[in-house]
Every structure is written in C-alpha cells, then in structure tokens.
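Below is one structure, written out as structure tokens; comments come after it.
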Amino acid sequence: MKKSTSINVLFISNGIWEYDGRMRELTKVADALGDAKYITRAGKNITTTHTNHISIIGKSYLFYIIKTIIEGIKTASVDVLFVDNRKAIIPSLFLIFIKKRCKVIYDCRELYLCKEVGHLTGKIGCFFESIMLKKVDVVLCANNERAKLMNKLYQLKGELVVYQNIRKLNSDVISDHKEFERKYSHIFDKKTIKLISTSGFLISRRTDILIKAIAMLGNNCDLLLVGGGTEKDKKEIERLIIDLNVNNVHLVNKVKESELKFLVSRSDIGIVSYGSNDLNNKYCASGKIFEFIFEGLPVVTTENRPLSCFVIKNKIGVSDNLYFNGICEVMKNYNYYKDKVNVLASQISPENNIHEVAKQIVFKLKKS
C-alpha cells in the first residue's frame, strides 16, 4: 500500500496478534502512514511477514509494560506514537514523556465509562484513559455514533477520525483445510443450516437467549459458538443446553484466523450479538459483521442502533433481539439476503478504508 507520508511510526498494542482482527488492520494503517514498527503480544507460533514486528509471547502484563518501554526507548526516531486500546496506555504514557516531540494517535476502540464499570481494574483503566485522551493529537473511534458521544463526554482537544471495523478474514495456510474438514466433520457433514456466532458463549452477549431460539427452531440447523468465554458462563451455557435438550449447539474455543475463516466460510448465517446494558455495547462497532459479509453470509443481529441501521440500509439480514423471528425470516428469503450481501461485499474494501483513514490522520496531524 502506498504510504501517505514518510514518517516513523511506533505502534503499541497489548492485543494478541493471532486473535485481534482490529489490531492487525490498525497495523496496516500504521504502515500506510510511514515506516512502522510494531510492539504487540502474540501466541507461540506468530505468523507475520513484517520485519519490524516485536512480539511479546506470554509473560505477565507487568513484563509487557517494561518490555514495551525498553523497546520504545531503543527506537531512536519516533514521529508518531500509535497507541491501540487501553492496556497499551501505561507504557505509552512513559514514552510520551520520553519522546516529547512525537505526535500521538490513540485508538479508543471501547467506550467504557467509570460509572458503568463494576470492577476495580476497569475503573483504573477509565482513569488512565482519561489522562491519555488529554495528550493525544488524533483519536480513532469505530463509528459515527461513538464519535458524537466521545466529543460530548470528553470534550476532546485532539482530532477525531472514524475508523470502521471493515475487515475480512484471511487464510494463508491452505494445507490446514483438510485438518479442519476432519475436525468439524460432525457438524458440516450434516445437511442442516449452519449458524455461527464469533462472540463465544458470553452471557453478556445474549448467548442464552440465542440458544433458546435454536431450541425452538429444532434440528434443521446447527449453531457454532466460536470464541470461548469465562468458565462461569461456559457452565451456565452447558447447563442450559442440557435443560433444553438440544444437541445442535457447538462450543468452540478461541481459534486462529485461518481456522475462523474456515468455520465462517462453511456457515450459512452469521449472528452478531451485543447487549445494551452500557454505552460500549449499546453503540457497538462490530468487525464481525464485515467478516461475515466478505464470506457471503446474511446476518441476524441484535437491535443495537449501529447494527440495525446498517442492516436495514443494506438489506443484508434482520435485527431481532430474540433471534427466532429474524432467523426464520432470513432462512425463508435466504437467496434475497445472500444477493444483497454479495452486492455490498463488492462495494466495500478494507484496503480503501485503510487508505482513506491514513489520509484523514495525516490531515488531522498537520492541523494539530
């Protein structure tokens, strides 16, 4: 991708490379800005061709902070410090102090308010984020609704840029497909409608209500819940599955991108599910919906305003908080929704999205 300008960018994230789709896309934005160096977490077998990627495998959060600060100090020239999400804030504040002349970009991918967070670590995160937002030159957020809210809530001094989660799943390891075919043959060999949610089995994402809808639909469909969750939620979901006597719900832990692409591409309908108990969920900004679109899947989403507006505008599925009627409608008119999805997929581009955001960032940095 053509770079917008020649600047030295240090990109910092606590996200795990193999599992964090938005983070991987943000590194492409960093690349489009100039000569980028990444510091991220990673699993044991990291797959990246970037020669300037420092991956921190395992270790504690404290180790991550110290390692990031050391690597940042060792980086001689930093024109732009690109900070991804809240857990990267602490080492970034140290580096902002040390690299006094650098511009700062912060991706505020979540919208957590201190009064809405119930646990201490979350409140500490809100505190550090409030400090960070006073120091940044450009703030990225994930949709227009969030941009309006953030200006109102924080009275930002930095410039706002909306960066939508337009991304597609990639699979470079073709040889894995035979292994995946064997691993999931008990699901995909059945002649049923395959529904997939990549939010795991989190109760906060209304998975319990989704399973009740599947129980009502009967055995002509299978539901894959991919992404894992807490042990407490898993036990509750397993108990619900037994109580409802369903055998067509499949729990799949967090998987790497190539395996996730396999599962999504073999499915028929994507489920995009969020709660509405706080602003972060109410004004959700899902990359999952785009992952489904690029694999040709119509969607059933919850009725959160950003999701329902997007679905209604593009006619790619149905929004339904109880899922059952929405799933029935998509199944009944499947080819109609499938055609609309394919049209939309041909009209949007992750690459164009990255290039446009990079241009906006450069313009905003010059203004600041």
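Listed values, structure above:
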| quantity | calculated |
| --- | --- |
| Contact order normalised by residue count of region 181-230, Cα under 8 Å, 6+ apart, percent | 51 percent |
| Within the accessible area of the chain (1.4 Å probe), percent carbon and sulfur | 51 percent |
| 5 angstrom amide H check on C221, placed H, neighbours 5+ away | I193 |
| Under 5 Å, built H, 5+ apart or other chain: amide partners of A36 | V9 |
| ³J(HN,Hα), Karplus 6.51/-1.76/1.60, whole Hz, each residue of region 88-96, x for Gly, Pro | 8, 5, 4, x, 5, 4, 4, 6, 4 |
| Hz values of 3J(HN,Hα) by residue in region 250-258 - Karplus curve (6.51, -1.76, 1.60), Gly and Pro given as x | 10, 8, 10, 5, 4, 10, 6, 4, 5 |
| Fully extended contour minus Cα-Cα distance, from C309 to K148, at 0.36 nm per residue | 56.3 nm |
| Percent antiparallel among DSSP beta bridges (both partners in region 208-361, rounded to 5) | 0 percent |
| DSSP-loop GluC sites (Glu not before Pro) across region 181-289, with at most 10 other Cβ within 10 angstrom | none |
| Max mean-square fluctuation residue, GNM over the chain, Cα-Cα springs under 10 Å, options H177, H53, H186 | H186 |
| Cα-based Rg of the chain normalised by 2.2 N^0.38 Å, two decimals | 1.01 |
| For region 232-368: accessible area per residue (Å², 1.4 Å) | 47 Å² |
| For the chain: relative contact order, % (alpha-carbon pairs under 8 angstrom, 6 or more apart) | 15 percent |
| Amide H contacts under 5 Å for N321, placed H, 5+ residues apart | E303 |
| For the chain, Cys with no neighbouring Cys Cβ under 4.7 Å | C102, C108, C141, C221, C284, C309, C328 |
| Given the chain, longest segment not containing exposed loop trypsin sites (Lys or Arg not before Pro) (DSSP; at most 12 other Cβ within 10 Å) | 192-368 |
| Ellipticity estimate at 222 nm from DSSP helix runs (n ≥ 4, -39,500 (n - 2.57)) divided over the chain, nearest 500 | -14000 deg cm²/dmol |
| From phi via Karplus (6.51, -1.76, 1.60), per-residue ³J(HN,Hα) for region 130-141 in Hz, x at Gly/Pro | 4, 5, 4, 5, 7, 10, 8, 8, 9, 10, 9, 9 |
| Computed over region 131-276: relative contact order in percent, which uses C-alpha pairs under 8 Å that are six or more apart | 27 percent |
| Surface accessible to a 1.4 Å probe, per residue, for the residues of region 56-108, Å² | 48 Å² |
| Förster-model FRET efficiency, 41 Å R0, F128 and E238, C-beta, rounded to 0.05 | 0.65 |
| Cα-based convex hull, region 226-368, per residue volume (Å³, whole number) | 161 Å³ |
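The values are calculated or read from the model by the stated rules, or taken from the named source; none is laboratory data. Given the structure is predicted, the values throughout are model-derived calculations rather than measurements. Don't worry about glycine lacking a Cβ; one is built from the backbone with ideal geometry, like all the others, and counts go over all protein chains shown. In case anyone asks, the SASA skips ligands and DNA or RNA and just uses the protein heavy atoms, side chains included. Shrake-Rupley method; radii C 1.70, N 1.55, O 1.52, S 1.80 Å.
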